[in-house]
Amino acid sequence: MAKRNIVKLGDEILKKVCRSQLKFDEKLAQILDDMAETMYEADGVGLAAPQVGILRRYCIVDVGDGVIELVNPVLISKSGEQIGDEGCLSIPGRYEKVKRPMKVTVRAQDRNGKNFKLTAEGLKARAICHEMDHLDGILFIDRSIKEK
Ligand code: NI
């Protein structure tokens, strides 16, 4: 495994819409492993492919109970809402309030291309929404709720 550089705010790559990941090969597995190492070293709870310079639709999340790899994730349902502070490894030191669903269900593929469904609540739902936004070039600061 190897740590990768995290793309920072201001880089155009963070604004781009990513394309589907079509190949489930050793290269994908390697990048996912690298992303996990990069995320843990940076003390993050999620990381998306564009944050390591790859414009493909996959991301990882770990809110403390193990890493979840989401390849080509699609939101299939959401409910409730939560407002809480959010940050991003691409925007170090900045935290703002963002409204997210309390509960989400996503469909995705694993690193071998196998389909699965996942339901998450609370912080995990927030992290999944944040990372999936990255795949569409959306940053949490684009969704921040400014307090008066
Ligand atoms: Ni982020």
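The values are calculated or read from the model by the stated rules, or taken from the named source; none is laboratory data. In this text the structure is predicted, and so the values were computed from the model without any measurement. No Cβ is skipped: glycine too gets one built from the backbone with ideal geometry, and neighbour counts run over all protein chains shown. Heavy atoms of the whole protein, side chains included, go into the accessibility calculation; ligands, DNA and RNA do not. Shrake-Rupley method; radii C 1.70, N 1.55, O 1.52, S 1.80 Å.
If I go through segment 99-148 residue by residue, how many of them are in a strand (DSSP E or B) and closer than 21 Å to Gly66 by Cα?
14
Hey, could you check segment 69-99 for residues that are of a type in the set (S, T, N, Q) and within 18 Å of Gly137 (Cα to Cα) and say which is farthest from the ligand (Cβ to nearest atom)?
Asn72
Would you confirm whether or not segment 92-114 contains a residue that is modelled with pLDDT of 95 or more, crowded, with 20+ Cβ neighbours inside 10 Å, closer than 24 Å to Arg4 by Cβ and touching a Gly at 6+ places or on another chain (Cβ under 6 Å)?
No - not one qualifying residue is present in segment 92-114.
Which members of segment 1-48 meet the condition of being in contact (Cβ under 8 Å) with a residue 40 or more places away in the chain and part of a strand (DSSP E or B)?
Gly46, Leu47, Ala48
Can you go through Ile54, Ile60 and tell me which one is in a loop (DSSP other than H, G, I, E, B), open to solvent by less than 70 Å² (accessible area, probe 1.4 Å) and under 16 Å from His134 (Cβ atoms)?
Ile54
I need the full set of residues from segment 100-130 which are closer than 18 Å to Arg19 by Cα, out of contact with any Pro (no Cβ under 8 Å at 6 or more places or on another chain) and within 13 Å of the ligand (Cβ to nearest atom), in order please.
Across segment 100-130, the qualifying residue is only His130.
Among the listed residues Ile54, Ile68, Ile145, identify the single one that is of a type in the set (Val, Ile, Thr) and modelled with pLDDT under 95.
Ile145
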